[in-house]
Amino acid sequence: MKTVTVTENQKLKAAKKIKEMYGHIDYRNPPQWCPIRDVMAMASDKWSILIFLYLGYFPVLRFSQLKRYVYGISNKVLSERLKVLEADGYLYRQMYPEVPIRVEYQLTDFGHTFLEKLLELTEWAEKYGDKVIANRAEWTNK
């Protein structure tokens, strides 16, 4: 099992950043709408993450290609996720008036900025995934 060491300085920097970003929130009377939760929920569900990763790897994909790559997703859910990601500005959808109609998807520049952060989180998950699984198993066996 890998040992993770976090210095006191890292802890203090994180606490300071959180206070700078969210110090204005009165936690005795929390807001009904949380922009962080709203944005992160839309862009970080299990299907959207895979859509981002595949569109980051392949510059342009058609619906059927995405369906093949994002294993286990239904047509309905894929269509819904693509609409939400397009509405939020992460994706660009190009439809060609052909028979049959051809529709292609690609990340916007804005989508690429999110992909950069997602890749950082993905690297973290790869580095510490074994630790999470070991911690989970240890907790389950208590």
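The values are calculated or read from the model by the stated rules, or taken from the named source; none is laboratory data. Model, not experiment: these values are computed from the prediction. All Cβ positions, even for glycine, are placed from backbone atoms using ideal geometry, and neighbour counts span all protein chains on display.
Looking at the structure I just gave you, is residue 98 charged (D, E, K, R) and over 20 Å from residue 38 (Cα atoms)? Criteria met by residue 98. If the condition is being over 22 Å from residue 38 (Cα atoms) and of a type in the set (Gly, Ala, Ser), then the range 52-95 contributes 56, 64, 72, 74. Of all the listed residues (66, 82, 78), the sole one being in contact with a helix residue (DSSP H, G or I) (Cβ under 6 Å, 6 or more places away or on another chain), closer than 24 Å to residue 113 by Cα, without any contact (Cβ under 8 Å) to a residue 60 or more places away in the chain and surrounded by 16 or more Cβ atoms within 10 Å (Cβ to Cβ) is 78. When the range 36-51 is filtered for residues that are part of a helix (DSSP H, G or I) and of a type in the set (Ser, Thr, Tyr), only 48 remains. Starting from residues that are in a strand (DSSP E or B), in contact (Cβ under 8 Å) with a residue 12 or more places away in the chain and among the hydrophobic types (A, V, I, L, M, F, W, C), keep the ones in the range 85-103 and report whichever is surrounded by the fewest Cβ atoms within 10 Å (Cβ to Cβ). Checked the range 85-103; the qualifying residue surrounded by the fewest Cβ atoms within 10 Å (Cβ to Cβ) is 103.
Candidates in the range 32-45 are the residues that are loosely packed, with under 10 Cβ neighbours inside 10 Å and at pLDDT below 70; of these, the one that is nearest to residue 86 (Cα to Cα) is 35. Do we have any residue at all in the range 57-72 that's aromatic (Phe, Trp, Tyr), under 13 Å from the mean Cα position of the chain (by Cα) and modelled with pLDDT of 90 or more? Checked against the condition, which is being aromatic (Phe, Trp, Tyr), under 13 Å from the mean Cα position of the chain (by Cα) and modelled with pLDDT of 90 or more, the range 57-72 yields no hits at all. If you check 105, 96 for being more than 20 Å from residue 44 (Cβ to Cβ) and either modelled with pLDDT of 95 or more or touching a Lys or Arg at 6+ places or on another chain (Cβ under 7 Å) (or both), only one passes: 96. Determine whether residue 106 is closer than 21 Å to residue 56 by Cα, touching a helix residue (DSSP H, G or I) at 6+ places or on another chain (Cβ under 7 Å) and outside any helix (DSSP H, G or I). Yes.
Determine whether residue 134 is surrounded by 10 or more Cβ atoms within 10 Å (Cβ to Cβ), more than 20 Å from residue 43 (Cβ to Cβ) and small (Gly, Ala, Ser).
So residue 134 fits the description; yes.
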